[in-house]
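The values are calculated or read from the model by the stated rules, or taken from the named source; none is laboratory data. This is a predicted model, so every value here is computed, not measured. Cβ: placed from backbone, ideal geometry, glycine included. Neighbour counts: every protein chain shown. Only protein heavy atoms, including side chains, enter the accessible area calculation; ligands, DNA and RNA are left aside. Shrake-Rupley method; radii C 1.70, N 1.55, O 1.52, S 1.80 Å.
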Amino acid sequence: MTIEQRLNDIEQIIRINKTAKKVTLIAVSKQQSLNKLTLAYRCGIRHFGENYLQEALEKIEQLKQLNITWHFIGHIQSNKTKTIAENFNWVHTIDRLKIATRLSEQRGDDKPALNCCIQVNLSQEDSKSGVHIDELPTLANAILQLPNLKLRGLMAIPAKTDCPEEQLAQFKLLTQSLTRINQTLPVDLDTISMGMSGDYQRALAAGSTMLRLGTALFGPRA
Ligand SMILES: *Cc1c(COP(=O)(O)O)cnc(C)c1O
């Protein structure tokens, strides 16, 4: 199948399953060739997500002629925050204040505020990245005070499960967490970043506004 055919299928699934008013598709292009990114761009994709900084910087440089919105969706090491702050439009994986503070300080004042999501650890497993739900309000409130970050919403990668109900419940927990923040803090967050190739139908049913799709769009990674 071509990227165009895969995209048609994905757009149809979005239309049928979405519960949010608007859903943005992020093409997760890690370990995919520049050629494939260009093909996706020609099909109308404007949002691309990358996990690995060095690989991402090369692609951003090569494709700088194109009108692309770049999303950083990988784990953030504190010695990499400056490069991330200077090169991306969005960061989805903030899970501690130290990282958020550095990103805000290192975002140039000449640039618009960096759009960001807080990554939430829905399953409360200590091994996973993401802030625990009970610490989320404090972190969200602190990020709202940072001048060069614009808090947009929440992101999660739910624990793998074979039980569809359990998976749907995890996605719904993220949507409920966003609603609660909007009710308790002076903010109107609009982004729920959830849903990958294997689970995006259920993420849409639970209110996702941003899907992060890699293999469903590009095929297997190199
Ligand atoms: C790799 C990755 C994706 C895309 O995964 P697919 O299963 O290929 O769709 C989405 N989100 C994050 C955080 C990833 O690391």
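Taking Thr19, Thr38 and ordering them by how much accessible surface each has at a 1.4 Å probe, largest first, produces Thr19, Thr38. In the elastic network of the chain, a GNM with C-alpha springs shorter than 10 Å, the most mobile of Gly130, Gly74, Gly44 is Gly44. Karplus-based coupling profile of the range 139-152, in residue order and whole Hz: 5, 4, 4, 5, 5, 4, 7, 7, x, 9, 10, 10, 5, 10, with θ = phi - 60° in 6.51 cos²θ - 1.76 cosθ + 1.60 and x standing for Gly or Pro. Summarising the amide proton neighbourhood of Met155: residues at separation of 5 or more, or on other chains, whose placed amide H is nearer than 5 Å comprise Ile118, Gln119, Val120, Ser193.
To the nearest 10, the accessible area of Ser197 is 40 Å² with a 1.4 Å probe. Taking the Cα centre of the chain as reference, the dipole from Cβ charges on Lys and Arg (+1) and Asp and Glu (-1) amounts to some 440 debye.
For Leu114, the residues whose modelled amide H falls within less than 5 Å of its own, excluding neighbours fewer than 5 places apart on the same chain, are Leu149, Lys150. First check a/c for the range 160-222, with a ≥ b ≥ c the square roots of the eigenvalues of its C-alpha gyration tensor; if it is under 1.5, answer rounded, and if not, answer prolate when a/b is larger than b/c or oblate otherwise. Judged from the Cα gyration tensor, the range 160-222 comes out oblate (a/c at least 1.5, b/c at or above a/b).
The H on the amide N of Ile45, modeled in the peptide plane, is under 5 Å from the matching H of no residue at least 5 residues off or on a different chain.
Per residue, the convex hull spanned by the Cα atoms of the chain measures out at 127 cubic angstrom.
Only bridges with both residues in the chain count here: give the DSSP antiparallel percent, nearest 5. In the chain, approximately 0 percent of DSSP beta bridges are antiparallel ones. Placing Arg212, Arg180 in order of accessible area, with the largest value first and a 1.4 Å probe, yields Arg180, Arg212. Translational diffusion coefficient of the range 67-196 (Stokes-Einstein, Kirkwood radius from Cα pairs, 37 °C, 0.692 mPa s): 219 µm²/s. Computed from backbone phi, the HN-Hα couplings of the range 31-48 come to 6, 10, 6, 4, 4, 5, 4, 5, 4, 4, 4, 5, 7, x, 6, 10, 10, 10 Hz, rounded to whole numbers (Karplus: 6.51 cos²θ - 1.76 cosθ + 1.60, θ = phi - 60°; Gly and Pro given as x). Please give every one of the lysines within straight-line cross-link reach of Lys160, meaning a C-alpha to C-alpha distance under 24 Å, and leave out same-chain neighbours fewer than 8 residues apart. Those lysines meeting the cut-off are Lys18, Lys30, Lys128, Lys172. The distance separating the Cα centre of the range 32-53 from that of the range 57-91 comes to 13 Å.
Output needed for the range 31-108: three equivalent-ellipsoid semi-axes, defined as square roots of 5 times the C-alpha gyration tensor eigenvalues, in descending order, whole Å. Show your work: numbers first, answer last.
Details: eigenvalues 117, 26, 23 Å².
For the range 31-108, the ellipsoid semi-axes come out as 24, 11, 11 Å.
For the pair the range 136-208 and the range 3-17, the centres of their Cα atoms are 23 angstrom apart.
Solvent-accessible surface of the range 19-111, taken per residue with a 1.4 Å probe and all protein chains present: 50 Å².
Across the chain, C-alpha contacts under 8 Å between residues 6 or more apart give a mean separation that, scaled by the residue count, equals a relative contact order of 23 percent. Residues in the range 158-165 carry Karplus couplings, in order, of x, 4, 5, 8, 8, 9, x, 5 Hz; the curve used is 6.51 cos²θ - 1.76 cosθ + 1.60 with θ = phi - 60°, and Gly or Pro positions show x.
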